[in-house]
1. Counting only helical runs of four or more DSSP H residues, what would the 222 nm mean residue ellipticity of the chain come to if each run contributes -39,500 (n - 2.57) and the total is spread over all its residues?
2. Using a 1.4 Å probe, what is the accessible area per residue for the chain, in Å²?
3. Output the direction-averaged projected area (hull surface divided by four) of the convex hull of the alpha-carbon atoms of the range 48-117, in nm².
4. For the range 23-160, just the Cα atoms, rotate onto the principal axes and tell me the three extents in Å, largest first.
5. Roughly how tilted is helix 76-88, in degrees to the nearest 10 and between 0 and 90, from the longest Cα axis of the chain?
6. Please give the FRET efficiency for LEU2 paired with LEU146, using the beta carbon to beta carbon distance and R0 = 30 Å, rounded to the nearest 0.05.
7. Net charge around TYR120, counting only other residues with Cβ within less than 10 Å of its Cβ (Lys, Arg = +1; Asp, Glu = -1)?
8. Counting only protein heavy atoms and a 1.4 Å probe, tell me what percentage of the chain's accessible area is made up of carbon and sulfur.
Amino acid sequence: MLRFFLIFLVIQGVLFTTEMLQPVQNLVVIPFTEGVAAVSAWLVLLFDPNVVSEGIVLRDVTNGFAVAIQAGCNGVEATIVLVAAMLAFPSPWKHKLGGILIGFLLVQALNLVRIISLFYIGQWNMQVFEWMHLYLWQALIMLDVLIIFLVWLRYLPRPAREGETSRAP
């Protein structure tokens with residue numbers, strides 16, 4: 001367990017440091033965040049024609065309300081925590097890669113729900129928006145990461161016990 005925890009911390013340190021580098025921000029994080037805003041706008045446009053995305057901003061064209069998807073709100077940091085946990089845990093590489101891919105998609109799906117809900121909550125009540133943005137949704141995204149990791153652990157192949165022989169099906 002200590003080995004997992006130390007590897008987890010080192011991988012997180014490397015990934016968070018890499019994410020903060022300006023070339024990575026310019027080439028990966030900012031374009032990714034703009035893509036998150038564009039996908040959010042596309043989803044909202046399915047039921048509300050008054051929304052546009054401009055870079056990292058999701059804006060209502062009728063009332064001018066907008067949310068900017070900043071660092072910490074784009075799902076990158078939550079994904080880094082999940083990736084670090086999956087890479088640190090001793091498991092076959094095919095399971096790590098599959099878990100990372102599915103986990104990334106699930107974190108981003110919940111993050112889209114988060115962004116869209118905050119977009120509408122902010123138009124309704126800014127105090128509720130602030131509370132949900134700073135407290136509730138932060139906790140829910142990290143809880144999502146934990147649940148994804150725990151479910152992934154559940155589906156990992158069990159190591160053979162000492163003295164057991166594997167039987168071919």
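The values are calculated or read from the model by the stated rules, or taken from the named source; none is laboratory data. If you're wondering where the values come from, they're calculated on a predicted model, not measured in any experiment. FYI the Cβ positions are ideal-geometry reconstructions off the backbone, even for glycines, and counts take in every protein chain you see. Ligands, DNA and RNA are stripped out before the accessible areas are found, and what is left, the full protein with its side chains, is counted by its heavy atoms. Shrake-Rupley method; radii C 1.70, N 1.55, O 1.52, S 1.80 Å.
1. Roughly -20500 deg cm²/dmol at 222 nm, from the helical runs in the chain.
2. Here the residues of the chain average 62 Å² of exposed surface.
3. Averaged projected area of the range 48-117's Cα convex hull equals 5.5 nm².
4. 61, 32, 27
5. Around 0 degrees separate the two axes.
6. Efficiency for this residue pair is about 0.95.
7. Once positives and negatives cancel, what remains is -2.
8. Heavy-atom surface of the chain belonging to carbon and sulfur, 1.4 Å probe: 70 percent.
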